[in-house]
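This report concerns only the one structure given below.
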Amino acid sequence: TVGAVAIDSEGNVACATSTGGLSNKLVGRVGDTACIGSGGYADNSCGATSTTGHGESIMKVVLARLILYHMEQGMPPEMAADTALDYMKTRVGGLGGVIVVSSSGEWAARFSTKQMSWATVKDDHLHFGIY
Amino acid sequence: MKPVIVVHGGAGRIFKEREEGCRAGVVRAALQGYSLLKQGGSALDAVEEAVRSMEDDPHFNAGCGSVLNEKGEVEMDAIIMDGKSLDSGAVSAVKCVANPIKLARLVMEKTKHILLTESGAHLFAQAMGIPETPGEKLITKRSLERWKKNLEPDSNPEEFQKDLG
């Protein structure tokens, strides 16, 4: 799965996610990516998220929207992402990763899996990682 | 507002030999998206461009490089969302499209719907003039090998993917 979130100079946020799904999946199986609120969500009033991981678990907790809910309650993006990923792991045993950008330009890349490749650019500074 | 972009290339296992390719791919995608933002482009354009870049990169499980279903075919899903209007577009189980994210954006902008699937998405792609990409062109040697390995009698694809997200 691949994904992106961004905020532009006018303060508009957006998200995009795309995937080939699970290896050897049943024909017709659709995971979280295409489901609004699970594979991604964007709202200028709060921020934008894109998810990756075990799709059925992500759909059960509606992960992307859950992160924005935590941010609406006052959590910064990193804490909101970790809280939502912890909930998914505890509640349904699912692992995954998320990227987040808030409507004020704060960002986070968090994951409960062993790895997730990610990169970000802010103020012309590039950051990236895998572990 | 200063523009910001964040991208991910998936939370699956990344073996050592693929690390550099994945790292380079996410960096390229982030820089391409950020370049659009710096030129005054919209967040929507930036995320579409970043995802398109990774769909075209065989290191990632999307577009070219997608994993295969039980029949050995590529079936892809994609979504895009605009935080200004809450408009969203998505496609699922699409097969012969090089960039599902572009098709998802067309669903958002050219229809009153949010999600088109399988044959309906295929018809819509044709109506929008999206060129058909033969499924074989989206299949990489790595995804074919993974698919074959998962079909072996002693394989356990679910166990293999258990801790990978």
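The values are calculated or read from the model by the stated rules, or taken from the named source; none is laboratory data. Computed from a predicted model, the values in this text were never measured in an experiment. In this analysis, Cβ positions are derived from the backbone assuming ideal geometry, glycine residues included, and neighbour counts consider all displayed protein chains.
The table below lists the values:
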quantity: Which numbered condition residue B:104 fails, given (1) at the interface with another protein chain (Cβ under 9 Å from one of its Cβ atoms); (2) crowded, with 20+ Cβ neighbours inside 10 Å; (3) in a loop (DSSP other than H, G, I, E, B); calculated: (3)
quantity: Any hit, the range B:56-73, residues being at pLDDT 95 or above and under 22 Å from residue A:37 (Cβ atoms); calculated: yes
quantity: Unique residue being farther than 14 Å from residue A:117 by Cβ, aliphatic (A, V, I, L, M) and within 7 Å of chain A (Cβ to nearest Cβ) when the list is B:93, B:30, B:62, B:11; calculated: B:93
quantity: In the range A:80-100, the residues that are exposed (fewer than 15 other Cβ atoms within 10 Å of the Cβ) and either within 20 Å of residue A:130 (Cα to Cα) or polar (S, T, N, Q) (or both); calculated: A:86, A:90
quantity: Failed item, numbered, when residue A:67 is tested on (1) out of contact with any Asp or Glu (no Cβ under 9 Å at 6 or more places or on another chain); (2) more than 10 Å from chain B (Cβ to nearest Cβ); (3) surrounded by fewer than 23 Cβ atoms within 10 Å (Cβ to Cβ); calculated: (3)
quantity: Whichever residue in the range B:65-88 is more than 7 Å from chain A (Cβ to nearest Cβ) and free of Cβ contacts under 8 Å to residues at least 24 places away in the same chain and, among such residues, is farthest from residue B:118 (Cα to Cα); calculated: B:85
quantity: Residue among B:84, B:141, B:149, B:112 that alone is more than 18 Å from residue B:63 (Cβ to Cβ) and exposed (fewer than 12 other Cβ atoms within 10 Å of the Cβ); calculated: B:112
quantity: Subset of the range B:10-51 (residues that are of a type in the set (S, T, N, Q) and either within 17 Å of residue B:81 (Cα to Cα) or in contact with a helix residue (DSSP H, G or I) (Cβ under 8 Å, 6 or more places away or on another chain) (or both)); calculated: B:32, B:42
quantity: Condition broken by residue A:77, with the remaining ones in (1) at the interface with another protein chain (Cβ under 9 Å from one of its Cβ atoms); (2) within 29 Å of residue B:3 (Cα to Cα); (3) touching a Ser or Thr at 6+ places or on another chain (Cβ under 6 Å) satisfied; calculated: (1)
quantity: Only listed residue being within 20 Å of residue A:6 (Cα to Cα), surrounded by 19 or more Cβ atoms within 10 Å (Cβ to Cβ) and either modelled with pLDDT under 95 or of a type in the set (Lys, Arg) (or both), chosen from B:28, B:23; calculated: B:23
quantity: All positions within the range A:11-25 that are assigned to a loop (DSSP other than H, G, I, E, B) and either more than 7 Å from chain B (Cβ to nearest Cβ) or at pLDDT 95 or above (or both); calculated: A:11, A:12, A:20, A:21
quantity: Qualifying positions in the range B:62-72 - part of a loop (DSSP other than H, G, I, E, B) and either in contact with a Pro (Cβ under 6 Å, 6 or more places away or on another chain) or surrounded by fewer than 23 Cβ atoms within 10 Å (Cβ to Cβ) (or both); calculated: B:64, B:65, B:70, B:71, B:72
quantity: Only listed residue being farther than 16 Å from residue A:128 by Cα and facing chain A (nearest Cβ under 7 Å), chosen from B:6, B:47; calculated: B:47
